[in-house]
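Read the structure below first, then the notes.
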Amino acid sequence: MSAMLSGALALLLCSGEPQDRKTPDAPWTHGPPTDPTFFPLAVWLQDVRNAPRYKEAGINTYVALWRGPNQEQLDALKRLGMKLVCHQNEFGLKQKDEATIIAWMHGDEPDNAQEKKGGGYGPPIPPEKIISDYQKVHDADPSRPVLLNLGQGVAWDGYVGRGVRTHHPEDYAEYLKGSDIVSFDIYPVVHDHPDIAGKLHKVSEGVDRLRRWGEGKKLVWNCIEASRIGNESAKPTASQVRTEVWMSLIHGSTGLIYFVHQFKPKFVEASLLQDADLLAGVTSINQQIQSLAPALNSPTIPDGATVTTSGAEAPVDLLVKRQGDSIWVFAAAMREKGTKASFNVRGARGSAEVLGENRTIALRDGTFDDEFKPYDVHLYRIR
């Protein structure tokens, strides 16, 4: 989770069928809530004293605690009904029946070059060490899953922060063997390398790769940039955060972790809470996700809809769900190009309500059209 180094119509579907929240190999008695109204919306390594404000912003889970967990931290989160993913220390192991703790975790980004005590960097932690550590954590408490967070090499083979294992994506399928929940982080808005900077779709590409490497046996979460991190001239807007969030969900992420630390021009642990505009935007995003949690947690309809666009260079990806009396179509423009999209939704008729936009679009024989601005997101409900 550390900061990064300073016209033919095409049939376009998101790559593969997004997994649903539970997998056949996830029988945890103390894992993430299976309540369909719950969707994991987490914040990374934050002081529990700020938990009330994060809860107001729609956060329901803490991932990582400084020198924790301890009793004070656990009590603070429990009072608020928030969930926790943390390291398995001696105190934590005494809380095996505590519903607040929903997963254990590895150390962060073992796939990156590791800092050496005498200075400089050595190789990444080998996958076999992660698998061994996973087995120890699992054996100590098999009632909870184990989360592994990986670095930006998940989405970028050329990331030099992997040291001697740069351009070795084959490592990742091995790393995933040491996890039940796997996540990763890459932050395009504040990135300083032209391979990544401004390319919001790199977030969803990483989600795709984790799903593929995990062969459908792992729950996939991912991290979202919600601060300037180390970039003094750029920070994500609420619109860009929303795009990264919905690209992630459309491509199969089943949990989100906001990264809110700022390192420059000065260190601010909870920078999101000091940024009124971005905080309001993230709060709105979280509220909408929670309202849509029953739909997001319902089975995916892989062939429920198709979409074509006015140019192959401006794809639109989608996710289709059927829940309650509605078909839900969540769609995102995957490049920084505007386009007109034409949807065909199997078995649909009537009209599509565009959520949060105060408009509806009539369907004709199950089809409707809509305009997408660059990196735009539209969410549709067809009753």
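Okay, here's what the table says:
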| quantity | calculated |
| --- | --- |
| Enumeration of residues in the stretch 216-228 that are over 21 Å from Leu84 (Cα atoms) and buried (at least 24 other Cβ atoms within 10 Å of the Cβ) | Ser227, Arg228 |
| Residues of the stretch 240-288 that turn out to be of a type in the set (A, V, I, L, M, F, W, C) and assigned to a loop (DSSP other than H, G, I, E, B), as a count | 4 |
| In the stretch 51-76, the residues that are open to solvent by 40 Å² or more (accessible area, probe 1.4 Å) and more than 18 Å from Gly281 (Cα to Cα) | Trp66, Arg67, Asn70, Gln71, Glu72, Asp75 |
| The stretch 289-316 residues that are of a type in the set (D, E, K, R), paired with ones that are in a loop (DSSP other than H, G, I, E, B) (beta carbon under 8 Å, 6 or more apart) | Asp303/Arg346; Glu313/Arg335; Glu313/Lys337 |
| Every residue from the stretch 65-120 that is assigned to a strand (DSSP E or B) and not charged (D, E, K, R) | Leu84, Val85, Cys86, Ile101, Ile102, Ala103, Trp104, Met105, Gln114 |
| Ser183 vs. criteria hydroxyl-bearing (Ser, Thr, Tyr), under 13 Å from His106 (Cα atoms) and at pLDDT 95 or above | yes |
| Candidate set from the stretch 77-123 (those that are small (Gly, Ala, Ser), out of contact with any Lys or Arg (no Cβ under 7 Å at 6 or more places or on another chain) and over 20 Å from Lys136 (Cβ atoms)); member that is most open to solvent (accessible area, probe 1.4 Å) | Gly118 |
| Those residues of the stretch 124-159 which are part of a helix (DSSP H, G or I), surrounded by fewer than 17 Cβ atoms within 10 Å (Cβ to Cβ) and within 24 Å of the chain's Cα centre (by Cα), in sequence order | Ile131 |
| Within the stretch 252-264, considering residues that are of a type outside the set (S, T, N, Q) and open to solvent by 10 Å² or more (accessible area, probe 1.4 Å), the one nearest to Thr300 (Cα to Cα) | His261 |
| Unmet criterion (only one of (1) assigned to a loop (DSSP other than H, G, I, E, B); (2) under 16 Å from the mean Cα position of the chain (by Cα); (3) surrounded by fewer than 23 Cβ atoms within 10 Å (Cβ to Cβ)) for Arg209 | (1) |
| Qualifying residue in the stretch 289-305 (condition: modelled with pLDDT of 95 or more and part of a strand (DSSP E or B)) | yes |
| Complete set of residues in the stretch 22-50 that are assigned to a loop (DSSP other than H, G, I, E, B), open to solvent by less than 40 Å² (accessible area, probe 1.4 Å) and at pLDDT 50 or above | Ala26, Gly31, Pro32, Pro33, Phe38, Phe39, Pro40, Gln46 |
| Residue satisfying condition, being more than 23 Å from Glu244 (Cβ to Cβ), open to solvent by less than 40 Å² (accessible area, probe 1.4 Å) and β-branched (Val, Ile, Thr), within set Ile301, Ile289, Ile285, Ile361 | Ile361 |
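The values are calculated or read from the model by the stated rules, or taken from the named source; none is laboratory data. All of these numbers come straight from a predicted model, not from anything done at the bench. Ideal geometry is used to build each Cβ from the backbone, glycine not excepted, and the neighbour counts take in all protein chains shown. Remember, those area values only see protein heavy atoms, side chains included, never the ligands or the DNA or RNA. Shrake-Rupley method; radii C 1.70, N 1.55, O 1.52, S 1.80 Å.
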